[in-house]
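Below is one structure, written out as structure tokens; comments come after it.
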Ligand code: KIV
Ligand code: ZN
């Protein structure tokens, strides 16, 4: 049996696999804010990125290693393909972290070997120990993944895993890369690995999986029963294609059904010790932060973090819940940090009250950021009577999104009504350039705003998604707008929040545009789709 830490380790890959979702790319400040929140959430490992991909990725992993990876904090991990240049870049990027890990991988399925790697099984069996040993020469903690393990020949998988462990890998990860397996098959695969790899007791068995058939979480829970003790997952389940296994679903599954899972850990069913180290009260905040910064909207009926997950519409359900919550609710909303309708601040609240509330919410802002947040709070309080925690979160995540960006929105003016053609006047300033104004008509006010911005930015792009949702209840609520632009086949998202949804739309568009322009400056490599080249480390 593989090593058993006595509980489940949570390996968060929101910043690596999650960021591989179309349109979800994040800048350095955004990645840092998410990493800091993941540390507060209590994950065991943060996969901070793929350092070889670009200078930006390298710098982000390095910054996270410097700032988030303390002695008591999570392990900071970087991804590297099984190539010396990748592993070298990864080792350098994570160097500042006291607890660091290199995660290296190579595909093991015949379909990947033949069509992607163009390598034989024998060649793969030579590469694996060489690369794991090289990674071990840089750090003590090395994880090895067999990409597409779910579709690999188990006999070959056993050989590869044995070699990786013999070369020094302390964690062996089994990815269902294309989300193909079913729960019983995946659980069986983990059992077979436990039975057939002679040195498996020297490593922790980990699982990684995608949600193409909607089975990732179920597969993982079955794997836990067979001895998997590390789960690789993302907040809100974001990730390539249909996404990764969702962290909040796994953690709450293990929390709510602890008595069912306890015996698989050699515990009595009623043992109260948690099965993960995650602070569940931080789940809601983490989910909102990731959604706001990536522009990946959470579907209302999403388990645990969807807006409707705790809403009871039918009269019978409402009546039952009022009599006893357990009639229709298996999770207490407070367990995931959902403080319903908590009104905290208003127009007369001072800077220290705002700072204290932000600190309670987990935002430890420096003086400059606090000043900016306070100014925005005051502006909002002039328009909205009660400022809730959700409003404060919207203000702060908006700030993180807009570091030194190329375009700044200066002015938005719209006229519309029953007998008017919606017309927008927009002024933008460009870094190092002059302010420019454009006017456009549209089918509605938002369309007019987007058309005017399109004239100003001169970039060819297509608006493919526009969504508005209110942060809280009430007519004066802040509206959150998410916009996705497509340019040359790639998606870029922007998010903004304001009591005026037209202003929020303009700002969200500008944020998406800045992201698009930013990415044009940085060539980036995809860890699973681009070819491994020995030369040319893409780092600073
Ligand atoms: O899905 C996958 O196989 C991966 C590996 C790189 C772990 O993301
Ligand atoms: Zn993956």
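The values are calculated or read from the model by the stated rules, or taken from the named source; none is laboratory data. Predicted model only: the values in this text are computed from it and were never measured. Positions of Cβ are generated from backbone atoms using ideal geometry, with glycine treated the same way; all protein chains shown enter the neighbour counts.
The number of residues in segment 89-126 that are farther than 21 Å from residue 166 by Cα, in a helix (DSSP H, G or I) and more than 15 Å from ligand 1 (Cβ to nearest atom) comes to 7.
Has segment 247-257 got at least one residue that is assigned by TED's automatic domain parsing to the domain that holds residue 288, over 22 Å from the mean Cα position of the chain (by Cα) and in a helix (DSSP H, G or I)? Yes: segment 247-257 contains one or more residues that are assigned by TED's automatic domain parsing to the domain that holds residue 288, over 22 Å from the mean Cα position of the chain (by Cα) and in a helix (DSSP H, G or I). Please indicate, with yes or no, whether at least one residue in segment 141-151 is assigned to a helix (DSSP H, G or I), more than 16 Å from ligand 1 (Cβ to nearest atom) and at pLDDT 95 or above. No, the conditions are met nowhere in segment 141-151.
When restricted to residues that are modelled with pLDDT of 70 or more and away from ligand 1 (no atom under 12 Å from the Cβ), segment 524-535 contains 5.
Taken across segment 26-43, residues that are within 16 Å of ligand 1 (Cβ to nearest atom) and either touching a strand residue (DSSP E or B) at 6+ places or on another chain (Cβ under 7 Å) or assigned to a strand (DSSP E or B) (or both) do not occur at all. Scanning segment 12-25 for residues that are at pLDDT below 95 and in contact with a strand residue (DSSP E or B) (Cβ under 6 Å, 6 or more places away or on another chain) gives 22, 23. Taking the criterion of being surrounded by 19 or more Cβ atoms within 10 Å (Cβ to Cβ), without any contact (Cβ under 8 Å) to a residue 60 or more places away in the chain and within 20 Å of residue 413 (Cβ to Cβ), the residues of segment 458-504 that qualify are 479, 481, 498, 501, 504. In the set 190, 161, 174, 165, only one residue is in contact with a helix residue (DSSP H, G or I) (Cβ under 8 Å, 6 or more places away or on another chain), part of a helix (DSSP H, G or I) and under 15 Å from residue 107 (Cβ atoms); that residue is 161. Mind telling me which of the residues 242, 277 ends up being assigned by TED's automatic domain parsing to the domain that holds residue 187, within 16 Å of ligand 2 (Cβ to nearest atom), surrounded by fewer than 18 Cβ atoms within 10 Å (Cβ to Cβ) and not in a helix (DSSP H, G or I)? Selected residue: 242, the only one of 242, 277 that is assigned by TED's automatic domain parsing to the domain that holds residue 187, within 16 Å of ligand 2 (Cβ to nearest atom), surrounded by fewer than 18 Cβ atoms within 10 Å (Cβ to Cβ) and not in a helix (DSSP H, G or I). Name the residues in segment 301-316 that are loosely packed, with under 15 Cβ neighbours inside 10 Å, assigned to a loop (DSSP other than H, G, I, E, B) and at pLDDT below 90, would you? Listed by number, the residues that qualify are 307, 308, 311, 313, 314.
Residue check: residue 447 meets all listed conditions (1) within 15 Å of residue 504 (Cα to Cα); (2) crowded, with 19+ Cβ neighbours inside 10 Å but one, namely (2).
Does residue 209 satisfy the criteria of being assigned to a helix (DSSP H, G or I) and either surrounded by 19 or more Cβ atoms within 10 Å (Cβ to Cβ) or in the same structural domain as residue 141 (by TED's automatic domain parsing) (or both)? It is false that residue 209 is assigned to a helix (DSSP H, G or I) and either surrounded by 19 or more Cβ atoms within 10 Å (Cβ to Cβ) or in the same structural domain as residue 141 (by TED's automatic domain parsing) (or both). In the set 415, 493, only one residue is under 30 Å from residue 19 (Cβ atoms) and outside any helix (DSSP H, G or I); that residue is 493.
For the residues 353, 452, the requirement of being outside any loop (DSSP other than H, G, I, E, B) and surrounded by fewer than 17 Cβ atoms within 10 Å (Cβ to Cβ) singles out 353. A count restricted to segment 113-159 and to residues that are buried (at least 21 other Cβ atoms within 10 Å of the Cβ) and over 17 Å from residue 80 (Cβ atoms) stands at 5.
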